[in-house]
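Here's the structure we're looking at; comments come further down.
Throughout, read-outs are computed from the coordinates displayed, never taken from laboratory work. As the structure is a computational prediction, the values presented were derived from the model and not from experiment. Neighbour counts are summed over all protein chains in view; Cβ atoms, including those assigned to glycine, are modelled from backbone coordinates with ideal geometry.
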Amino acid sequence: METFLDLGRQPLSNGFLAADQFQDEYFFDLKACFNTDTCMVSLEKFVDSSKMFNENYHYHASKSQTMIDHFASAASDIKELFNSVPTVLEIGSNDGIFIKNFDPGHSYCVEPCSNFAELTNSMGYKTYDDWWNVETSRKIVDEIGKVDVVYSASCMCHIPDVENAFVAVSNILRDGGLFVFQDPTAYNMILNNSYDQIYDEHAHIFSVLSLSKILNRCGLQIVNVTPLDVHGGSNRIYACKSGTPAPVVNRMIESERSIGLHKSDTYHRFADNVRKSREDLIQLLSELKSDGKKIISYGATSKSTVVFNYCSIGPDIIDYISDTTEVKQNKFLPGVHIPIVPQPPSIDDSVDYAFLGAWNYLDEISNKENVFLSRGGKFITHVPRVRVIGE
Ligand code: TYD
C-alpha cells in the first residue's frame, strides 16, 4: 500500500449538522493509498460505517431528475436481458429510486440506513435493514433463495471489506444470474482531477483493472462494462459466475493502463495536480471576494464537503449553499459550516458566482438556471481545472 494523497482533517462528508452540534462534530484524517498488488485505490484508514450509514443518512438519490431517469433506464435495460420477470436484490437501495421500477413481488432490498429501509418496506419491497456481507447473504438465501439479479449503485465502493461483499454476492446469485453494479471510476477521477471522489464513504475507487483481479478471487468474472456519465464518470460492471468477457472489458483495461492506473507514479502526479487545484481555487475565490462579488455554492454534496474542507473555504467566502434536499436545508455543511438554504426556482439576483458543488449535473443545472446565466451570472468549477465556466 502506498499513500499518495493527504486531504487533511475532514468531517463526515454527509454529516450535515445544526449549530448546536458543532462542538461534537467528528473529524478524521483523509488519506488515499494505492495497492500495488490489486491496483485498487482505497482510503488509508476506513471510517466506521455506522458513523456514516444510519437512520440519519441525508443523501436522497431521488432529488435529481437526472438520476430518476438514469435508474429507470438501467432497470429497463436489465429487464430486457431476461425472458421472464427476474428476481432482483438491490444492495444499498436508498430511497427506492431503482427498485421502484420493478414488481415488489419479485424484488428485495438490503439497506443499513433504517430511514430508507423503512421507506422501501412501506413501498412494498421487503427490505433487510442490514450490512451487506456473507452472513447477511446466508440469511437472505435461507429466506428467499437465490436470485437472478443482484444490483447495486454507488454502494459496493462504500464497503471496506469489499471482497467479503463480493463473496456474499456470489453466495446469493443463482448460476446464470447477473451481478450489475456501478460506482465512480479511478479513470475519470484521474482525468478530471476530481479528488472530491475521495471521501469517507468511498472506501475504494474502482477501476476495471482492480475489479477484475478482486472479483476473480471471489468466484465472479466481469463479462461486460458500460461507461456512464453519472457521478462524474462511473462504470456499470456486469459480472457472473462464468461467462466470456465482451471485447470491451479488455479494451477498458487497456485504456486504464494507457493512463497509468497500474502505476503508483500516476497517483503521485495526480496528488501534485490536486495541490495545484487547491491553490488555484483559493486564489480565484479570494480575488472575486475582494472585488466585492457575491459567491454561493450549488448543491450541498459530499464532494463539496471535501473541497471546502481541504481548501479551508468557509462562510467568509461562500455566503450559502442551496440544495433541493429538505433534510440538508437549514443545516450547515460539515466542517467549514457554510449555511445550507432551500434552493429557489432560480438563483437570487444579487449572486454573481455559483460554485458547482454538484458539478456532475452541469447540464441539468445550466438548463434550470438559464435566467442566472443570461443576466451574466457565472458558474465556477474545479474540474478538470479551476475556472469560471464560459470565460
Ligand atoms: P451528488 O453529486 O449526487 O452528491 P454527492 O457528492 O453527495 O454524491 O449531488 C446531488 C446533490 O445536489 C443533492 O444534495 C441534490 C443537489 N442538487 C441540487 O440542489 N440542485 C440540482 O439541480 C441538482 C441536480 C442537485
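Condition test on residue 67, is it away from the ligand (no atom under 16 Å from the Cβ), surrounded by 14 or more Cβ atoms within 10 Å (Cβ to Cβ) and hydrophobic (A, V, I, L, M, F, W, C)?
Numbers: away from the ligand (no atom under 16 Å from the Cβ): no; surrounded by 14 or more Cβ atoms within 10 Å (Cβ to Cβ): yes; hydrophobic (A, V, I, L, M, F, W, C): yes.
The answer is no for residue 67.
Within region 323-357, the residues that satisfy the criterion of being over 19 Å from residue 20 (Cα atoms) and of a type in the set (A, V, I, L, M) are 347, 351, 354, 356.
In region 1-61, which strands (runs of 3 or more DSSP E) lie fully inside it and hold 2 or more residues that are within 16 Å of the ligand (Cβ to nearest atom)?
Numbers: elements: 2-11, 27-34, 41-43.
Here the list reads 2-11.
Step by step: first the residues of region 104-162, then only those that are of a type in the set (Asp, Glu) and not in a strand (DSSP E or B), then the one that is surrounded by the most Cβ atoms within 10 Å (Cβ to Cβ). Which residue is that? Restricting to residues being of a type in the set (Asp, Glu) and not in a strand (DSSP E or B), the top hit is 111. For residue 79, the test of being outside any loop (DSSP other than H, G, I, E, B) and more than 16 Å from the ligand (Cβ to nearest atom) is passed.
For region 329-340, the criterion of being among the basic types (Lys, Arg) and more than 14 Å from the ligand (Cβ to nearest atom) is satisfied by no residue at all.
Of the strands (runs of 3 or more DSSP E) entirely within region 334-384, those holding at least 1 residues that are of a type in the set (Val, Ile, Thr) occupy 340-342, 378-381.
Restricting region 284-311 to residues that are in a helix (DSSP H, G or I) and farther than 25 Å from residue 53 by Cα, which is farthest from the ligand (Cβ to nearest atom)? It comes out as 290.
Whenever a residue of region 42-70 is under 18 Å from residue 198 (Cβ atoms), its partners that are basic (Lys, Arg) and away from the ligand (no atom under 16 Å from the Cβ), lying with C-beta atoms within less than 9 angstrom and at least six residues away or across chains, give the pairs 43/31; 44/31; 45/31.
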